[in-house]
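As structure tokens, the structure follows; a few thoughts come after it.
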Amino acid sequence: MAAKHSRTRIFSSPAGIVATAAVGVALAVGGTVGAVQLTSGSGQSGPVTLDLTPTTAASSLTPSSPTASPSASASPSATASPLATRSQQAASRGKERTASPKPKPTVKKTTAAAKVLQSGSCGASFYSDGQLTANGESFNPNALTAAHKTLPFNTKVRVTNPANGKSVTVRINDRGPFIDGRCLDLSRAAFASIASVDVGALTVRYEVLG
């Protein structure tokens, strides 16, 4: 609270009175309210007394409430993400659906049956030793080959054992056998595929394939 001060000033002219009034207005604007008393001696132009005694109103003024601080601005509301829109090119249930093409069944290729050019029956034996065959190949007892007296080289002959029905197809790459009653001399592997090698020789049915 502001302290009280008592000031008395004496003015001797009307100009001083006007100046004193201006001082009082300035004090009121500056925040201090005081009582200004102008005293003159019974209407005469004598000295004027100015009493500047602050009243309690100056100290009891309640300071204006401070300007309210700007309210905290509300946090911006979350913007909803745009709704997903379906592309016009997306699959539509309203469109006619075409059935997917069915895979074509796989056609198994069948090998045409070889044409039989000649057939008959004769004796057959086997051999497992040899250096070179008649067509110049190295003899291989494990290959499915055979010797014949007259058939062209590389001719395919199907040989069947009638006793058990087993057959084997051999390629002619040699000449023989040179024993009467026999028309084929099979490699050891070819003979073993239709009969036991312990037999040594047997009657077979042959078919020359074209």
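The values are calculated or read from the model by the stated rules, or taken from the named source; none is laboratory data. Since the model is a prediction, treat every value here as computed from it, not as a measurement. Areas reflect the complete protein model, heavy atoms only, side chains present, ligands, DNA and RNA absent. Shrake-Rupley method; radii C 1.70, N 1.55, O 1.52, S 1.80 Å.
Couple of notes before you dig in:
- Per-atom-type breakdown for region 96-210 gives carbon and sulfur 51% of the accessible area (1.4 Å probe, protein chains only).
- Computed from phi, the 3J(HN,Hα) profile of region 149-160 under the Karplus parametrisation 6.51, -1.76, 1.60 (θ = phi - 60°) reads 6, 10, 5, x, 4, 6, 5, 8, 10, 9, 10, 10 Hz, with x in place of Gly and Pro.
- Taken per residue, the accessible surface of region 117-164 reaches 56 Å², heavy atoms only and a 1.4 Å probe.
- Between Leu117 and Val208, Leu209, Gly210, the built amide H atoms are under 5 Å apart, and every one of these is 5 or more places off in sequence or on another chain.
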